[in-house]
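> I have a structure I would like to understand better, so I am pasting it below and will then ask my questions one at a time.
Quick note: the coordinates plus some simple rules give every number you see, no bench work behind them. It should be emphasised that the depicted structure is a prediction, and the values quoted were computed from it without experimental measurement. Cβ coordinates were reconstructed from backbone atoms using ideal geometry, including for glycine residues, and neighbour counts include every protein chain displayed.
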Amino acid sequence: MSSTTTTRLLRAQLPSRFGLLRPDFPVIPVAILASIAIMAVFADLLAPYNPEIGSLAARFKPPFWQAGGSTAHLLGTDQLGRDVLSRLIFGARVSMVVGFTAVIFAGVVGTTLGIISGYLGGWVDQVIMRITDAWLALPALTFAIFLAAIVGPSEMNIVIILGLAYWTRYARIVRAEVLSLKEREFVRLAIVAGCSKRTIMWRHVLPNVVNSAIVLASLMLGVVIVAEASLSFLGVGVPPPKPAWGLMLSDGKQGLMVGYWWLTILPGACIMLMVLSANLLGDWLRVKFDPQLRQL
Amino acid sequence: MLELRNLSTHYVSASGKRVIRAVDDVSLSINAGETVGIVGESGSGKSTLALTILRVLPKAARIVRGQMVFEGEDLVSKPEAAMRHVRGKRIAMILQDPMASLNPLFTIGDQVAEPIRVHDGVGRRTAWRKATALVRSVRIPSPETRVTQYPHEMSGGMRQRIVGAIGVSCEPRVLIADEPTTSLDLTIQAQYLALLRDIQRQRSLSLIFITHNLGIVAKMCDKLAVMYAGRVVEYGPVRAIFNSPAHPYTHALLNAIPRMGDNRRRLTAIEGQPPDLANLPRGCAFAARCPSTIGRCREEAPEEVSIDSGHAVRCWLSAKVATAAGPFVGAA
């Protein structure tokens with residue numbers, strides 16, 4: 001509940017001109033996510049430099065407001081003389097693409113298995129749930145590192161790895177919901193009306209669990225972004241020289257000791273802001289979609 | 001049209017030790033355009049009988065014996081895939097709680113159109129046109145706008161009529177209504193029953209009406225089957241049963257209905273509880289509560305005996321007195 005209070009504190013006191021801007025709408029988190037998304041989409045236009053090519057003559061330049069900094073590199077340069085601002089902007093693309101696709105991938109796999117497991121029941125349910133239990137017993141990040149070590153690092157692989165690491169949560173939650181849904185009268189009516197099991201699962205059950213899946217997805221977005229950053233930090237994520245926030249954090253960590261703080265604090269702040277925004281948005285969605293918490 | 005012969009459905013526990021005889025040796029027949037009422041107290045097997053006819057039983061239940069002959073074929077032995085084309089298309093059903101029978105996320109039109117699309121393989125547009133006509137036929141004003149609305153935008157009575165429209169959407173031959181009016185207040189109930197009767201007459205639909213309201217039976221049904229502990233204890237034309245109930249249970253049920261203008265007579269309740277279906281007594285299931293048992297009642301379960309044309313009863317007393325004074329003597 002405390003984070004709901006935070007949402008309320010963070011909401012802007014804007015007059016509500018659009019239906020969207022209702023008083024409890026998390027304006028700031030959505031604005032942050034939207035600007036990260038814009039950065040990701042228009043990275044080519046927004047970034048002042050190529051993020052992967054630096055000039056060794058201009059290494060470790062501090063941000064412009066610090067002594068020795070210049071407006072040529074607003075947020076300074078890294079150990080290879082690459083522009084930090086450009087790398088952050090392109091890094092948003094990596095985080096967004098990897099975050100969203102991994103969450104969607106995990107969601108599709110988990111929701112599908114959850115519906116099948118919950119609706120069919122019997123041995124199918126037993127098999128899927130025992131796999132889920134075993135999967136949940138594996139520490140997700142360790143498992144992801146293990147997978148990454150096998151298939152090798154690439155953006156595509158990271159998406160698949162994170163999807164495989166996190167589908168179990170969807171499966172559990174969706175299955176629980178399906179168990180109660182399938183006893184509902186409208187599902188029985190579909191049965192006596194002669195619908196096949198497949199029709200019932202995808203036409204009657206799926207639309208009723210999508211809400212929960214979306215809420216879970218928004219909360220999972222934060223988890224997945226941190227996981228991606230962690231994998232990159234550990235060197236099994238997005239391969240360099242691609243600018244991923246986690247990778248920047250890892251590359252800059254030695255600099256922290258000698259005062260090159262911008263190499264770690266800035267990408268770290270980006271990760272934190274994005275995860276916090278995703279969680280606040282998820283929190284709001286959860287309240288909005290939960291009829292018991294919804295205020296009319 | 002539909003004939004049930006010695007139909008038995010039992011629930012078997014996972015260990016196989018407990019067997020609950022929910023429907024036991026039931027024989028009924030229903031002709032085109034006819035309404036058969038099925039009454040009985042909770043747990044007497046009415047709903048299981050309905051689920052048996054459509055073969056949508058829960059996993060633990062099994063049809064152990066009997067036949068269901070529908071339009072010349074036996075539904076008990078029909079493969080599941082073929083059975084799907086019977087459900088909703090040739091035999092449709094209205095459920096106990098029509099208020100919850102609609103999916104909250106789809107429009108009325110989509111839901112009325114669904115069986116049409118599933119069974120007749122027509123496109124969305126054609127199905128929607130049919131759905132609009134159906135919504136109109138259940139007397140819902142301005143059906144063109146109603147089909148685009150969602151269930152929560154309708155009143156209970158309207159939703160009920162929508163469920164009725166879904167029931168008849170594929171022009172079934174038989175409609176099973178499982179207590180369709182229990183959740184409605186009396187005036188809406190009367191309207192709904194009148195509508196159901198009109199639909200039935202227009203389409204010469206056979207109706208199986210499951211209820212525990214004998215008043216509705218008197219108004220709606222041609223034939224009546226009284227169920228007790230999974231068995232049909234009395235079966236026959238409604239008029240014959242109401243005028244001269246042959247089974248002590250039916251007699252007691254009729255005595256338990258309050259009558260207008262009769263303030264002197266106390267309503268009589270039936271003493272005791274229905275028996276445990278997993279552990280039925282050797283003799284007649286009703287013997288323990290029956291006011292007029294004879295020695296044989298506790299020893300042997302009575303077979304069905306015909307006492308009049310189309311009027312059958314499972315009671316040793318009737319078997320004995322059928323030739324004597326009257327249909328039923330003895331209840332104090």
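> What's the Cα-based Rg to Rh of region B:89-195, Rh via Kirkwood? Write down the numbers at each step before the final one.
Values: Rg = 12.8 Å, Rh = 13.7 Å.
Reported Rg/Rh, Kirkwood definition of Rh: 0.94.
> List the GluC sites (Glu not before Pro) in region A:163-249 that DSSP assigns to loop (not H, G, I, E or B) and whose Cβ has at most 10 other Cβ atoms within 10 Å. Which are they? Don't jump to the answer; show the numbers that get you there.
On the way: sites: A:GLU177, A:GLU183, A:GLU185, A:GLU228; in loops: A:GLU183.
Sites meeting the loop and neighbour criteria: A:GLU183.
> Expected output is a single nm value to one decimal: the length gained when fully extending between B:GLU300 and B:LYS219, i.e. 0.36 nm times separation in residues minus the C-alpha distance. What is it? Show your work: numbers first, answer last.
Details: separation 81, 0.36 × 81 = 29.16 nm, distance 3.56 nm.
Net length gain for the segment: 25.6 nm.
> Over the Cα atoms of the protein assembly as shown, what is the Rg over Rh ratio if Rh follows Kirkwood? Don't skip to the end; give the middle numbers.
Working: Rg = 34.3 Å, Rh = 29.6 Å.
Rg/Rh for the protein assembly as shown comes to 1.16.
> Which GluC sites (Glu not before Pro) in region B:1-104 sit in a loop by DSSP (not H, G, I, E or B) and have at most 15 other Cβ atoms within 10 Å of their own Cβ?
Values: sites: B:GLU3, B:GLU34, B:GLU41, B:GLU71, B:GLU73, B:GLU80; in loops: B:GLU34, B:GLU41, B:GLU71.
Within region B:1-104, the qualifying GluC sites (Glu not before Pro) (loop, at most 15 other Cβ atoms within 10 Å) are B:GLU41, B:GLU71.
> Rounded, prolate or oblate: which fits region A:195-296 when a ≥ b ≥ c are the square roots of the eigenvalues of the alpha-carbon gyration tensor, with rounded for a/c under 1.5 and prolate only if a/b beats b/c?
Details: a/c = 5.99, a/b = 2.17, b/c = 2.76.
Here region A:195-296 falls in the oblate category.
> Classify region B:246-321 from the C-alpha gyration tensor, please: rounded if a/c falls under 1.5, else prolate or oblate depending on whether a/b exceeds b/c. Working shown, then result.
Numbers: a/c = 2.35, a/b = 1.41, b/c = 1.67.
Oblate.
> Please compute, for peptide A:180-190, the average count of beta-carbon atoms on other protein chains lying within 10 Å of each residue's beta-carbon.
Numbers: counts 0, 1, 0, 0, 5, 10, 12, 3, 8, 17, 9.
If you average over the peptide's residues, the count of other-chain Cβ atoms is 6.
> Please state the relative contact order of chain A as a whole percent: Cα pairs under 8 Å, 6+ residues apart? Kindly include the intermediate steps, with their values, before the conclusion.
Values: 442 pairs, mean separation 62.6, N = 296.
Relative contact order comes out at 21 percent.
> Here is a further query. Report the calculated FRET efficiency for B:ARG65 and A:VAL97 (r = Cβ-Cβ distance, R0 = 60 Å), to the nearest 0.05. Mind showing how you got there, number by number?
Numbers: r = 62 Å, r/R0 = 1.04.
Efficiency at R0 = 60 Å is approximately 0.45.
> Next question. Average partner chain C-beta neighbours within 10 Å, per residue of B:95-107? Intermediate results must be reported in sequence, preceding the final value.
Values: counts 6, 2, 4, 3, 1, 6, 8, 3, 12, 4, 8, 4, 0.
The per-residue average across the peptide is 5.
> Take the Cβ-Cβ distance between B:SER244 and B:SER142 as r, set R0 to 35 Å, and report the resulting FRET efficiency rounded to the nearest 0.05. Don't skip to the end; give the middle numbers.
Numbers: r = 49 Å, r/R0 = 1.41.
The computed FRET efficiency comes out at 0.10.
> Kindly state, to the nearest 0.05, the FRET efficiency for A:ALA31 paired with B:ALA14, given R0 = 51 Å and r defined as their beta-carbon distance.
Using R0 = 51 Å, I get an efficiency of 0.35.
> Determine the gain in length on full extension of the stretch A:PHE64-A:VAL124; use 0.36 nm per residue of separation and subtract their C-alpha separation, reporting nm with one decimal.
Full extension of this stretch gives 15.5 nm more.
> A further question on this structure: If each of A:MET272 and B:ASP198 carries a label point 7 Å out from its Cα toward its Cβ, how far apart are those two points in nm?
7.0
> If we sort A:88-96, B:25-33 on the protection proxy, mean other Cβ atoms within 10 Å, highest first, what's the order?
Numbers: A:88-96: 24.3, B:25-33: 17.0.
The most tightly packed comes first, giving A:88-96, B:25-33.
> Let me ask something else about it. Loop only by DSSP, 16 or fewer other Cβ within 10 Å of the Cβ. Give me the trypsin sites (Lys or Arg not before Pro) in region B:47-155 that pass, ordered by residue number. Don't skip to the end; give the middle numbers.
Working: sites: B:ARG55, B:LYS59, B:ARG62, B:ARG65, B:ARG84, B:ARG87, B:LYS89, B:ARG90, B:ARG117, B:ARG124, B:ARG125, B:ARG129, B:LYS130, B:ARG136, B:ARG139, B:ARG146; in loops: B:ARG55, B:LYS59, B:LYS89, B:ARG90, B:ARG139.
Those that pass, being in a loop and sparsely packed, are B:LYS59, B:ARG139.
> Where the centroid of each part is defined by its Cα atoms, how far is region A:205-234 from region B:183-261 in Å?
Centre-to-centre distance over Cα atoms comes out at 56 Å.
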